[in-house]
1. Grab the Cα-Cα distance for Y141 and R16, subtract it from 0.36 nm times how many residues apart they are, and report the gain in nm with one decimal.
2. Could you give the length gained by full extension between R152 and E51, i.e. 0.36 nm per residue of separation minus their alpha carbon distance, to one decimal place?
3. Which value, to two decimals, describes the C-alpha radius of gyration of region 72-149 once divided by 2.2 N^0.38 Å?
4. Can you give me the distance in nm between label points at S159 and L111, each placed 7 Å from the Cα along the Cα-to-Cβ direction?
5. Determine the sum of side-chain charges near E50: Lys and Arg each +1, Asp and Glu each -1, restricted to other residues whose C-beta is under 12 angstrom from that of E50.
6. Please go through the residue pairs K3/K157; K8/K134; K21/K73; K54/K100; K11/K73; K21/K166 and name each one whose alpha carbons sit more than 25 Å apart in this structure.
7. Would you list the membrane-span-like helices of the chain, meaning whole DSSP H runs whose alpha-carbon atoms span at least 15 Å along their axis and whose mean Kyte-Doolittle value is at least -0.5?
8. Restricting things to alpha carbons, tell me how big region 6-129 is in terms of Rg and Dmax, in Å.
Amino acid sequence: MGKIEISKLSKRHEVRKLDLKDVETIYTFCKSNVQYYEYCGKDISPELIEEDLKVVPPGIPVEQKYYIGFFEKNMLVAVMDLIDGYPNSNSVFIGFFMMKRELQGVGTGSLIIIEALNYLKKLGFEVCRLGIDKANPQSNYFWKKNGFEVIREVAQKESVILVAEKQL
């Protein structure tokens, strides 16, 4: 697969890697999206964000993690955690995706996903996989609308996760 150049994930938005200096911005952004945290059983905190910035699946080097922000006129409009080469070399994994609350339901999130997946397909990736909280109707609707199909359910302590994927 080609190396992911995050600036090419969107033609409409400025895309850049987020890091520890962005924790407060990410925290404020995520705090306004209470529905997500209600369903996943986690309390949003700066410490949770710091952990999310670093966590990778077992056996995956941190260099394959892209915790990125999509910006419009210097305003953060979406956050995505993208893992390249997981669960296998021809796949990418979206570990987290959240839109600015005020922009939800107007198509901006779908446009970001379409652009990102089109770029990743050009790099040679064949599949995008992600997990959806089964109890969250908003997430279920969004990912199914964007062509993701559930391939299995995984029971976790807090909830049931639907593993879904889309062929690129």
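All of the numbers you see were taken from the coordinates with simple rules; none came from a lab. None of these values were measured; they are calculated from a predicted model. Methodologically, a virtual Cβ is constructed for each residue, glycine included, from the backbone with ideal geometry; neighbour enumeration extends over all protein chains shown.
1. 42.3 nm
2. Between R152 and E51, full extension yields an extra 33.7 nm.
3. On the way: Rg = 12.8 Å, N = 78, 2.2 N^0.38 = 11.5 Å.
Here the Cα radius of gyration is 1.11 times the empirical estimate.
4. 2.7 nm
5. On the way: positive: K21, K54; negative: D19, D22, E24, E47, E51, D52.
Taking every Cβ under 12 Å from that of E50, the sum is -4.
6. K3/K157; K8/K134; K21/K166, as the Cα separations exceed 25 Å there.
7. On the way: long enough: 108-122 (21 Å, 0.58).
Helix filter hits for the chain: 108-122.
8. According to the Cα coordinates of region 6-129, Rg and Dmax are 14.1, 37 Å.
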